[in-house]
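Q: Can you read through this structure? Questions will come right after.
Just so you know, all these numbers are worked out from the coordinates, no wet-lab data involved. It should be emphasised that the depicted structure is a prediction, and the values quoted were computed from it without experimental measurement. Note that we place each Cβ from the backbone using ideal geometry, even for glycine, and neighbour counts take in every protein chain shown.
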Amino acid sequence: MKKAISVAVLSLLILALGYFANRSNLSGSEAANPAASSTEKLVLTGSSTVAPLAAEIGKRFESRHPKVRIDVQTGGSSRGVNDARSGLADIGMASRALKPDEAELRGFTIALDGISIILNAANPLTTLDKQQIIDIFTGNITNWNELGGHDAPITVVNKAEGRSTLELFLHYFDLKNTDIKAQVVIGDNQQGIKTVAGNPDAIGYVSVGAAEYEAGHAVAIKLLPLDGIEASVENVRNSRFPLSRPLNLVTKTEPGGVAKAFIDFAGSAEVNDLIEAQYFVPVAH
Amino acid sequence: MLKNRLATVLIWLSAALICAVFVCLLADMLRNGLPRLSWSFLSQAPSDAGRAGGIAPIIVSTGLIVLVAVSAAAPLSLATAILLSEFSSPNSRFCQVIERSLEVLAGVPSIVFGLFGNAFFCIYLGLGFSILSGGLTLACMALPIMINTATVGLRSAPDDYRLCAAALGMSRGAALLHLLLPAAAPAIIAGLMLGIARAGAETAALIFTSGYVDRMPDTLMDSGRALSVHIYDLAMNVAGGDANAYASALVLVVLLLIINSLASSLTQHWLRNRIMTS
């Protein structure tokens, strides 16, 4: 009996493998004969920040163009730029602006990402300058009364290691993560917003899009201006807000065919809801 | 006497500590993951970057990747182990070179396997980001463990078996098949399970080989996201993905437990029967 079961399971596994292997052979012969199948595959590699967004845009693109498949792979912005340059990927993804030595590549901005400092809505302070923010996050200022606020200890909310928001924040304020004396370490934007909304003495930083949406929906947070520029999706969109970056699709040459269609689609207003669902800012059309 | 008591208490404490770590881990996963777990979570495709929907294509991809890895690694490792233990002397130069290189291979970090797999399978062999590339990369990773445990198992079979078989006029092949392999079965199974566990839980080696695409795979040449890659992405990259990451982790743990117990009971019965009937 047990033998029979084991034989059955084994043969099932072999059949399953054979089935998939066979289908791969079939599709291989189809690929050799382009007339039999006109499925086109577009490979995107690069920034892990852009990847989830690109995958969602890819799914919608596939549903409109059934004969196209969009394969999105991650690996980081530099990889995206390198793969686009070497031709390994049809399109690279980079969550930063192209550098001067990458000028020969074509970049297409599909969305923008900004980071805002947020306070609890009950906090009387409405503005902090760059040095004050650095002093708070490095633990030199530990009470709000030193800045003219209530007599209450400051709760610093920092991002967990590996978050791109953290990298951008550290880069902008020229800090190292080890310099930061945080009381709370959080993961994603929503968690940061909830932490600051629930603690009147907290300070944190999150994606502008998510923060503006929540602040507009009666969540007890407020966005602080940076360098005198109000933190808003509008100011990220017109690139006046200093703590922001573009999310780019990168190609080696002027794109054509399906690649062009996809890049046009990714830059169109038809994907604005997808961009906003990932807490990014659509570009102006 | 007091020293003895103290030692006993310390030993019990360390055992309890190990259990506590396991229980905490499991409790944390159950508490956060269980509410999300449902039939639709297991049967739907992910949507909204994995925050919503399920993980059906990811489970299928993971299963295929592990299947490819095991079917490539198991015969190779068994053959190598037989060569090392039965057909060459442990002190020979040949044997030592192989064993040394296996030790080095076992110590290589998985991200290096990922880069190697990407360079060799994906680019050089032209397999691209595919389940096949990922499975073969994992096979390379699992080989050292599987070979080492199988070799040790075969070597620890008593020499009496070999002498008796020779005295009875059994060929070396028959002795291997009917006596030595069944005797080494527990070690071979252990190696197989360690290999599967390492393969199934791998993230770094897979993100550059089998890839990130969360579509239901049609063929082995399609890119397919493994569960561990999905968990990593949800936990580290997607805002608001933590709940689904926990649920996926729970699925991965349960899946590994099922595969392990299945493999163990299968192989055990399969080989036990053979030694008894022959």
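Q: More than 26 Å apart: what percent of Cα pairs in segment A:113-237 qualify?
A: Summing the P(r) tail past 26 Å for segment A:113-237 gives 9 percent.
Q: Pop out the Kirkwood hydrodynamic radius of chain B from its pairwise C-alpha distances, inverse of mean 1/r, in Å to one decimal.
A: So the Kirkwood estimate lands at 20.9 Å.
Q: Name the most mobile residue of B:TYR161, B:TYR246, B:TYR232, meaning the one with the largest mean-square fluctuation, in a Gaussian network model of chain B with Cα contacts below 10 Å.
A: Largest GNM mean-square fluctuation: B:TYR161.
Q: Output wanted: per-residue J couplings in Hz (rounded whole) for segment B:66-75, from phi through Karplus 6.51 cos²θ - 1.76 cosθ + 1.60, θ = phi - 60°, x for Gly and Pro.
A: Once θ is set to phi - 60°, the couplings for segment B:66-75 become 5, 4, 4, 4, 5, 6, 7, 7, 4, x Hz.
Q: Skipping prolines and chain starts, which residues have an amide H placed within reach, meaning under 5 Å, of the one on A:ILE117, given they are 5 or more residues away or on another chain?
A: The answer is A:LEU224.
Q: In degrees, nearest 10, range 0 to 90: what is the angle between the Cα axis of helix B:93-107 and the longest Cα principal axis of chain B?
A: 20 degrees
Q: Specify which residue in the list A:GLY187, B:PRO35, B:LEU234 is farthest towards the positive end of the charge dipole of the protein assembly as shown, using unit charges on the beta carbon of Lys, Arg (+1) and Asp, Glu (-1), about the Cα centre.
A: So the residue furthest toward the plus end is B:PRO35.
Q: Additional query: Please report, in debye to the nearest 20, how large the charge dipole of segment A:113-237 is about its Cα centre when each Lys and Arg carries +1 at its beta carbon and each Asp and Glu carries -1 there.
A: Here segment A:113-237 has a charge dipole of around 220 debye.
Q: In nm, to one decimal, how far is the B:ALA79 label point from the B:LEU34 one, both placed 7 Å along Cα→Cβ?
A: 4.8 nm
Q: Could you check the spin-label model distance between B:VAL104 and B:PHE87? Points 7 Å from the Cα along Cα→Cβ, value in nm.
A: The two pseudo-label positions are separated by 2.4 nm.
Q: Something else: Sort B:MET221, B:MET146, B:MET29 so the one with the fewest other Cβ atoms within 10 Å of its own Cβ comes first.
A: Lowest to highest Cβ neighbour count: B:MET29, B:MET221, B:MET146.
Q: Provide, for segment A:113-237, the number of lysine pairs with alpha carbons under 14 Å apart, each pair being eight or more places apart or on different chains.
A: Taking the Cα cut-off of 14 Å, the pair count is 4.
Q: Something else: Taking Cα atoms, how many degrees apart are the long axis of helix B:181-200 and the longest axis of chain B, rounded to 10 and kept between 0 and 90?
A: Helix B:181-200 and the main axis of chain B meet at about 20 degrees.
Q: Taking θ = phi - 60°, what integer Hz values does the Karplus form 6.51 cos²θ - 1.76 cosθ + 1.60 yield along segment B:132-137, in sequence order, with x for Gly and Pro?
A: 4, 4, x, x, 5, 4
Q: Moving to a separate point now. B:ALA174 versus B:CYS24, label points 7 Å from Cα toward the beta carbon: distance in nm?
A: Rounded to a tenth, the inter-label distance reads 5.8 nm.
Q: Of the candidates B:SER43, B:SER248, B:SER92, which one comes out as most mobile in a Gaussian network treatment of chain B with C-alpha springs shorter than 10 Å?
A: B:SER92
Q: Which residues in segment A:89-126 place their backbone N less than 20 Å from a point set 7 Å from the Cα of A:ASP179 along the Cα-to-Cβ direction?
A: What the label zone holds, given the 20 Å backbone N cut-off, is A:115-118.
Q: Moving to a separate point now. Using the Kirkwood radius over C-alpha pairs as Rh, can you work out the diffusion coefficient of the protein assembly as shown via Stokes-Einstein at 37 °C, viscosity 0.692 mPa s, in µm² per second?
A: The Stokes-Einstein estimate is 122 µm²/s.
Q: How big, on average over all directions, is the shadow cast by the Cα convex hull of segment A:235-285, in nm²?
A: Mean projected area of the Cα convex hull: 4.3 nm².
Q: I would also like to ask the following. Taking each residue of B:43-52 in turn, how many C-beta atoms of other protein chains fall within 10 Å of its C-beta, and what is the average?
A: Mean number of neighbouring Cβ atoms from other chains: 3.
Q: Given Cβ point charges of +1 (Lys, Arg) and -1 (Asp, Glu) and nothing else, what value in debye, to the nearest 20, does the dipole of segment B:1-160 about its Cα centre take?
A: Computed charge dipole of segment B:1-160: roughly 500 debye.
Q: If the viscosity is 0.890 mPa s and the temperature 25 °C, what Stokes-Einstein diffusion coefficient in µm²/s follows for segment B:98-178 when Rh is the Kirkwood radius over Cα pairs?
A: Roughly 161 µm²/s, to the nearest whole number.
Q: Pull up the cross-link candidates among the lysines for A:LYS41, meaning alpha carbon to alpha carbon under 29 Å and not fewer than 8 places away within one chain.
A: Correct list for A:LYS41: A:LYS59, A:LYS67, A:LYS99, A:LYS252, A:LYS260.
Q: B:ILE58: net charge of surrounding residues, Cβ under 9 Å, Lys/Arg +1, Asp/Glu -1, itself excluded?
A: 0
Q: GNM, chain B, Cα, under 10 Å: largest mean-square fluctuation among B:ARG93, B:ARG162, B:ARG225?
A: Per the Cα network of chain B with a 10 Å cutoff, B:ARG93 tops the list.
Q: With θ set to phi - 60°, apply the Karplus curve 6.51 cos²θ - 1.76 cosθ + 1.60 along segment A:39-53 and write out the HN-Hα couplings as whole Hz, x wherever there is a Gly or Pro.
A: 5, 10, 10, 10, 9, 10, 10, x, 3, 6, 6, 7, 3, x, 5
Q: If you place +1 on the Cβ of every Lys and Arg and -1 on the Cβ of every Asp and Glu, how big does the dipole about the Cα centre of the protein assembly as shown come out, in debye to the nearest 20?
A: Dipole about the Cα centre, nearest 20: 2080 debye.
Q: Please compute the average number of Cβ atoms from other chains found within 10 Å of each residue's Cβ in peptide B:253-266.
A: Taking all residues of B:253-266 together, the mean is 1.
Q: Check A:ILE154: other-chain or 5+ apart residues with amide H under 5 Å from its amide H, H built from backbone geometry?
A: A:ASN143, A:TRP144
Q: Quick check: net charge around B:THR80, other residues with Cβ under 12 Å of its Cβ, Lys/Arg +1 and Asp/Glu -1?
A: Charge balance in the 12 Å sphere: -2.
Q: For the protein assembly as shown, what does the helix formula give at 222 nm: sum of -39500 (n - 2.57) over DSSP H segments with n ≥ 4, over the residue count, nearest 500 deg cm²/dmol?
A: -18000 deg cm²/dmol
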